[in-house]
Amino acid sequence: MRRKLAAGNWKMNGLGASLADLRVLADSHPEPSVDLLICPPATLLHPARAITEGTAIALGGQDCHTEVSGAFTGDLSAEMLGDAGATAVILGHSERRDKHRETSEEVRVKARAAHAAGLMTVICLGESMFQREATNTLDIIGAQLSLSVPDTSTGENLVIAYEPVWAIGSGMTPTPEQIGEVHTFMRARLEKRFGPGVGRSVRLLYGGSVKAANAAEIFSIPDVDGALVGGASLKASDFSPIIEALESA
């Protein structure tokens, strides 16, 4: 059985005072029946470790470099993230694919580096509204999945997050049928590439305007093993009902 996962991506949000919510979240879910992952900005990783140590909350980074070290001003390696307290890293988020022009090939190399450093990778895939309306969503997802996921992937170090670009932060959410179609497709592709054992053990998350009001419906969809949550993960009061909906799914 795949253990479900509620992951929070704080993006470029949060100062030291924001860690108070992390403590509230940890106290509110001392023994959850699902895995919890929070990915704060890198500046908060080290102090967040002091708060989450001994709790059910794991920490992750929001990106990493392909190299272990070197003359890459402003970048962070996977090893650095691990040293600061991260056990996972988000890669290939649509905002980085768009604003930083990251390719799926670059995401794959980063994921390989993260796996070598012992980090779990949450690799994001998703189509734009133009691609959705052109009805080639599965072609886009299939190409991103094939090119972004390295051969070093296992059921333990790989999580895939389907985040339709047009739904992120927009308040719009795909229909359950649309989400189910993509997740079923991704599961089949993973099983074909890695075999049933690994393919069935990789967790598939949905992300894009997930909130307390729609969480239960999303988590009832087959092959949705949790969520990658953006804005609603910043406050414990907003994220806790999503966690509880996942526990009840």
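The values are calculated or read from the model by the stated rules, or taken from the named source; none is laboratory data. Predicted model only: the values in this text are computed from it and were never measured. We place every Cβ from the backbone using ideal geometry, glycine too, and count neighbours over all the protein chains shown.
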Subject >> Restricting the stretch 181-223 to residues that are closer than 26 Å to L234 by Cα and among the charged types (D, E, K, R), the residue that is surrounded by the most Cβ atoms within 10 Å (Cβ to Cβ) >> reply: R203
**OP:** Please specify each residue of the stretch 20-33 satisfying the condition of being closer than 16 Å to L45 by Cβ, surrounded by fewer than 17 Cβ atoms within 10 Å (Cβ to Cβ) and under 20 Å from the mean Cα position of the chain (by Cα).
**Re:** none
Subject >> Qualifying residue in the stretch 4-23 (condition: in contact (Cβ under 8 Å) with a residue 24 or more places away in the chain, under 18 Å from L246 (Cβ atoms), touching a Lys or Arg at 6+ places or on another chain (Cβ under 8 Å) and not aliphatic (A, V, I, L, M)) >> reply: yes
Original post:
Among S146, S77, S104, which is the only one that is in contact with a Gly (Cβ under 8 Å, 6 or more places away or on another chain), in contact (Cβ under 8 Å) with a residue 40 or more places away in the chain and surrounded by fewer than 23 Cβ atoms within 10 Å (Cβ to Cβ)?
Top reply: S104
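Just name the residue that is nearest to A116 (Cα to Cα) out of those in the stretch 68-82 that are in a loop (DSSP other than H, G, I, E, B) and aliphatic (A, V, I, L, M).
So the residue we want is V68.
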Original post:
So which residues in the stretch 36-80 are of a type in the set (D, E, K, R) and within 23 Å of S94 (Cβ to Cβ), if there are any at all?
Top reply: D63, D75
Original post:
Which condition number does E127 fail, the rest of (1) modelled with pLDDT under 95; (2) outside any loop (DSSP other than H, G, I, E, B) being met?
Top reply: (2)
**OP:** Out of I51, I141, report the one residue that is β-branched (V, I, T), assigned to a helix (DSSP H, G or I), surrounded by 13 or more Cβ atoms within 10 Å (Cβ to Cβ) and without any contact (Cβ under 8 Å) to a residue 40 or more places away in the chain.
**Re:** I51
